[in-house]
Amino acid sequence: MISEYDCLIAPVMTEKAMKGGEGGNALYIFTVLPEATKLDVTRAVEKVFSGVKVASVNILNRNGKKKSFRGKRGETKPRKLAFVRLSEGSINFEGGI
C-alpha cells in the first residue's frame, strides 16, 4: 500500500482541468504514481484534503510521445492521471499539496 502523501504527485492546473472544479460534483485531475490504484487515490485525496468526500475515481495511463528536437530523437515521460469526482466539499490549492 502506498502512503497517502506519496500517492499524489501534483494537480493538473490547466484551464480545461480547472473548468470542472466548479460547484457540486466537482472534478479534479491529479498526476499520481504509476503503481497507484483507484483505492489508493481515494484514500489519499480524502486524507490530504480534509472535509472532502470522493464519489468516483477514473485512472488514465498516458504513454510518452516520440519527439524530435534539432535532429535528436527523444521521448516524453509517460504519466498516470487520476480524475477525481467529489460528492461533497471542494479542494483549495492555495496551500499546496
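Where a number appears in this text, it was derived from the coordinates with a stated rule and is not lab data. Note that the coordinates shown come from a computational prediction; the quantities given were computed from them, not determined experimentally. FYI the Cβ positions are ideal-geometry reconstructions off the backbone, even for glycines, and counts take in every protein chain you see.
List of remarks:
- Charged-residue dipole, Cβ positions (Lys, Arg, Asp, Glu), the chain about Cα centre, Debye nearest 20: 880
- Selection from 2, 44, 60 lying farthest towards where the dipole of the chain points positive, charges on Cβ: 60
- For the chain: relative contact order, % (alpha-carbon pairs under 8 angstrom, 6 or more apart): 32
- Coil-residue GluC sites (Glu not before Pro) of the range 39-97, DSSP, other Cβ within 10 Å capped at 10: 94
- Degrees between helix 38-48 axis and first principal axis of the chain (Cα, 0 to 90, nearest 10): 60
- Shape summary of the chain, radius of gyration then Dmax from alpha carbon positions: 14.9, 51 Å.
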